[in-house]
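The values are calculated or read from the model by the stated rules, or taken from the named source; none is laboratory data. A quick note: this is a predicted structure, and the numbers were derived from the prediction, not measured. Please note: Cβ atoms are built from the backbone with ideal geometry, for glycine as well, and neighbour counts cover all protein chains shown. Each accessible area value is taken on the protein alone, full model and side chains, heavy atoms only, with ligands, DNA and RNA left out. Shrake-Rupley method; radii C 1.70, N 1.55, O 1.52, S 1.80 Å.
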Amino acid sequence: SQSSAMIEYLLETYDSTHKLWPTPGEPTRAEYLKLLHFGPATGYHISVPILFHYMPKEDCPPTPMEVVEEKKKEWHQIVATTYEQSLEKFGGPFLLGEKWTAADIVAGYDLMTISFAECGNDMLKAHPKVNEYFQKLGECPIYKELYTFTPPTTAVNEEDDVETEGFPHEKTKYYLIT
């Protein structure tokens, strides 16, 4: 997908020391590439319809409940299972073990997206290793910086305010600018 391709380009261009990605030949390289592209190509496309059922937008009606139920099954069978397998294979606390990578950034975004759905926290809790991983990501200073929302200084429509559990454990108020 475009998002993961952009991440790859940025890392190849600006991270020559491989702080956020394994070097070619490292044993975790193939899994890293799989996970980097899994989030934007698969995980997000399963999570977003669930989110849009609970947080519809004016120009995007709520996802029908039968679609939501199917996507929930897919999320448990595909998304959570993919992350669980990686956490088990490499021993955590991150997807590739001790090394925090760009794949964790992508996975964190997918997990944050599902956490915003009304059913999201229950879905995460059904997968203790994934939930623990999500909580661990929320403790990372970079995640706090990336996902702590500062309300906009422009006018907002108060009727469109959305209050939800933030990433992953703080209450955050999101303002939808209209």
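Could you check how many residues of segment 46-102 are of a type in the set (A, V, I, L, M), at pLDDT 90 or above and in contact with a strand residue (DSSP E or B) (Cβ under 9 Å, 6 or more places away or on another chain)? Qualifying residue count, segment 46-102: 1. Among residues of segment 1-23 that are under 18 Å from LEU96 (Cα atoms), those with a beta-carbon under 7 Å from a residue that is charged (D, E, K, R) and in a loop (DSSP other than H, G, I, E, B) at least six positions away or on a different chain give the pairs TRP21/ASP15. For LYS125, indicate whether it is out of contact with any Leu (no Cβ under 6 Å at 6 or more places or on another chain), under 20 Å from LEU20 (Cβ atoms) and modelled with pLDDT of 90 or more. When the stated conditions are applied, LYS125 does not pass them.
For segment 21-51, what are the residues that are open to solvent by 50 Å² or more (accessible area, probe 1.4 Å) and either on the phi < 0 side of the Ramachandran plot or touching a Pro at 6+ places or on another chain (Cβ under 6 Å) (or both)? Selection gives PRO24, GLU26, PRO27, ALA30, LEU33, LYS34, HIS37, ALA41, TYR44, HIS45. Out of all the residues in segment 99-112, is one or more open to solvent by 40 Å² or more (accessible area, probe 1.4 Å) and part of a helix (DSSP H, G or I)? The answer is yes, given that some residue of segment 99-112 is open to solvent by 40 Å² or more (accessible area, probe 1.4 Å) and part of a helix (DSSP H, G or I).
Within the option set PHE116, PHE149, being modelled with pLDDT under 75, open to solvent by 20 Å² or more (accessible area, probe 1.4 Å) and in contact with a strand residue (DSSP E or B) (Cβ under 8 Å, 6 or more places away or on another chain) holds for one residue only, PHE149. Only a single item in (1) farther than 18 Å from PRO27 by Cα; (2) surrounded by 16 or more Cβ atoms within 10 Å (Cβ to Cβ) is not met by THR81, and it is number (2). Just to be sure, is SER4 in contact with a His (Cβ under 7 Å, 6 or more places away or on another chain), buried (at least 18 other Cβ atoms within 10 Å of the Cβ) and within 14 Å of ALA107 (Cα to Cα)? Yes; evaluated as a whole, the condition is true for this residue. Looking only at residues in segment 84-98 that are of a type in the set (D, E, K, R) and touching a residue at least 24 places away in the same chain (Cβ under 8 Å), the one that is most open to solvent (accessible area, probe 1.4 Å) is LYS89.
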